[in-house]
Amino acid sequence: MKRKHVMPFGTELRSRGTTRFRLWAPKADSVELRLSPLALSIPMTAQEGGWFEVETDSLAGAQYRFRIDCEHDVPDPASRFQPEGVHGPSEVVDPDGFDWGDDAWRGRSWEDAVIYELHVGTFSPQGTFAEVERKLDYLAELGVSAIELMPISSFPGDRNWGYDGVLPYAPSQSYGRPEDLKRLVNSAHARDLMVFLDVVYNHFGPEGNYLFLYAPQFFTERHRTPWGQAINFDGDCSRTVRDYFIHNAQYWLEEYHFDGLRLDAVHAIADDSSRDILTELAQTIRDKFADRQIHLVLENDKNAVRYLERGEDRRPRWYTAQWNDDIHHAAHVLLTRESYGYYSDYADDPADKLGRCLTEGFAFQGAPSPFRGGALRGEPSRHLAPECFISFLQNHDQVGNRACGERIACLSCAAALRAMVAVLLLAPSPPLLFMGEEFGATTPFLFFCDFSPDLAEKVRQGRREEFRNFEQFRTPDGQSRIPDPNDPATFLGSKLDWNCLNRGAHADWLRTYRALLSVRQRKIVPVLRDIAPGAARYHTLGPSAVFASWEFARGGTLELFANFGRDPVPGLSKPTGHLIYATSREDEWYGVHVPAFSAAWFLNDDRL
């Protein structure tokens, strides 16, 4: 089977044996197609609206650039591949050159979702798509149902988290060729694994973005972001800009057969349109892929519930779910007692905030955030079903944005952590794991990049400035301990150590995760659709303990007792169902106390 997404820009290999090249360059007076290595120039015809186009003989595999006003040679902003990186030529890729073997694949239901986030470059020693493919059997045996790739679009240099991408249609050459990525997705589907992709539609990276030379209308001074000028989603010429990103979403879902997208930091997208870009993008995807189970996920610090609203049969109107930072922050405070930065919003009664997240979605549903200067944050979320909120103990941000990239296993008591893992992996909301979490990885995940020297120095100093208010990094000696993002050793030190997998505590953690995910699949997934939205409840059992209960629409309950403290606490009432998992001895769970460092789940359901 062949798959190709047709779009109004970039290259298109046509059935009549020709190749069409099309570029939006409203600032340019002239554009030429430059073919290499022949150094052949072909003038492109100016069209209405700032477009330039030319049609040639078939050029599959050829390398090319666009020459702007006889002066600047730039890559195609819709390039499908950059064999020499973001500053080099683009390659004409033939989408019909790959034969797909997953014709019958329509995806998996969201109730099955257990997501495994990974960074291709540090997931394996080789850091390639092919090496991720070789680990698919391991991931399927672990019990996850979806892998989520951190952004893979072409970025400057050889190493990057991916959020500095500048060519959103071109998989990074550091990880392999387009067909390697397609083989990864094809092989994942053969193992009943979904594949999601993290995409960045809020900014372009600081190096390798040539759009300012010929299409400054891509950006606007009307809005500002942490990265400078905002992308122009609501001003003059914004229709073309919106189409560029909406087609990008379709491209990954159609041409690469991804099962879903995670949209990074949408709170940084500024759009005053009557139908904003997030809504239009989601509606376009829902209409185009109605015959597939496509899952769209948001990262949104604003906790804007309106994007998560459901229609008939609890189906998403627009977005499937949101990463729930609130539940991570509450859990992290309970486990580490850290209270600096945004953790300060959760330091006051973190058990209460954890309970609210477990049963109502967000902790902040319109309440003032002291960390944000008292600004109101969030919207009421209690009426939504648990599947709208993705829970996690680790992800790339929460590990990598620490100065030294420590993982939670290095920061907390193992017994308390084991209880928290049991809570989040069996709670109704879909869980997300960060690569290596399942075997208690202790290798850090650091912030790394590969910029040109001037920018590299700014990033190095900016990283130190970011942490200068932390006591351990206030002195020059302390700041010198912050790893240099541009040092190759920082990247290499972030690679997973697979050799530890079967040793000691690492093997114990892996057994625990596999057992919990097996219980989730057998006991939790079958009842998720029966959980009545808005009917869950919780009580704190002390400063570090919580009880939560979810009611089924047809009767019955799922109950949780959890204690992350060093002392037993009163349980208020005895469990009403059958014990399906506990981190301590079964005979401890039918009294009136919750043991220290423990979690237990009870299911009252006659069908199971």
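Results, tabulated for the structure shown:
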| read-out | value |
| --- | --- |
| Where the Cα pairs of region 396-499 fall when distances are cut into 10 Å bins, in % | 13, 38, 30, 16, 3 |
| Positive-end residue of Ala414, Cys70, Pro370, charge dipole of the chain with Cβ unit charges | Ala414 |
| Along principal axes, Cα extents of region 232-382, largest first, whole Å | 46, 36, 27 |
| Debye log10 I(q)/I(0) for region 530-604, one point scatterer per Cα, at q = 0.17, 0.23, 0.27 Å⁻¹ | -0.59, -1.00, -1.26 |
| CD proxy at 222 nm, helix term only [per DSSP H run n ≥ 4: -39500 (n - 2.57); per residue of the chain; nearest 500] | -7000 deg cm²/dmol |
| Pairs of Lys in the chain closer than 20 Å at Cα, counting only those 8 or more apart or on different chains | 7 |
| Separation between Cα centres of region 337-384 and region 443-491, rounded to whole Å | 30 |
| Potential lengthening between Asp137 and Arg511 on full extension [0.36 nm per residue; Cα-Cα distance subtracted] | 133.0 nm |
| Rounded to the nearest 20 debye, dipole of the chain from Cβ charges on Lys, Arg, Asp, Glu | 1080 |
| Cα centre as origin, Lys/Arg/Asp/Glu Cβ charges: region 530-604 dipole, Debye | 120 |
| Summed side-chain charge close to Gly127 - residues other than Gly127 whose Cβ falls under 9 Å, Lys, Arg +1, Asp, Glu -1 | +1 |
| DSSP bridge orientation in the chain - percent antiparallel, rounded to nearest 5 | 70 |
| Coordinate range along principal axes, alpha carbons of region 401-446, Å, largest first | 32, 21, 17 |
| Positive-end residue, the chain charge dipole about Cα centroid, Cβ charges, pick of Pro380, Pro226, Gln82 | Pro380 |
| Viscosity 0.692 mPa s, temperature 37 °C, Stokes-Einstein D of region 304-453 from Kirkwood C-alpha radius, µm²/s | 201 |
| Amide proton proximity set for Glu148, modelled H, under 5 Å, gap of 5+ | Tyr116, Glu117, Leu118, Phe196 |
| Distance in nm between pseudo-label sites at Glu588 and Thr284 (7 Å out along the Cβ direction from Cα) | 5.4 |
| Label-point gap, in nm, between Ser339 and Lys458 - each point 7 angstrom along Cα→Cβ | 3.8 |
| Region 161-183-region 266-294 distance, computed between alpha-carbon centres (Å) | 23 |
| When the convex hull of its Cα atoms is projected in every direction, mean area for the chain (nm²) | 27.6 |
| Nearest-20 debye value, region 351-423 charge dipole, Cβ charges on Lys, Arg, Asp, Glu | 140 |
| Cα centroid of region 1-57 to Cα centroid of region 408-425, whole Å | 54 |
| Estimated FRET transfer efficiency (Cys70, Phe470; beta-carbon r; R0 51 Å; 0.05) | 0.50 |
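Coordinate-derived values only; no laboratory data. Small disclaimer: the values here were computed from a predicted structure and weren't measured. Don't worry about glycine lacking a Cβ; one is built from the backbone with ideal geometry, like all the others, and counts go over all protein chains shown.
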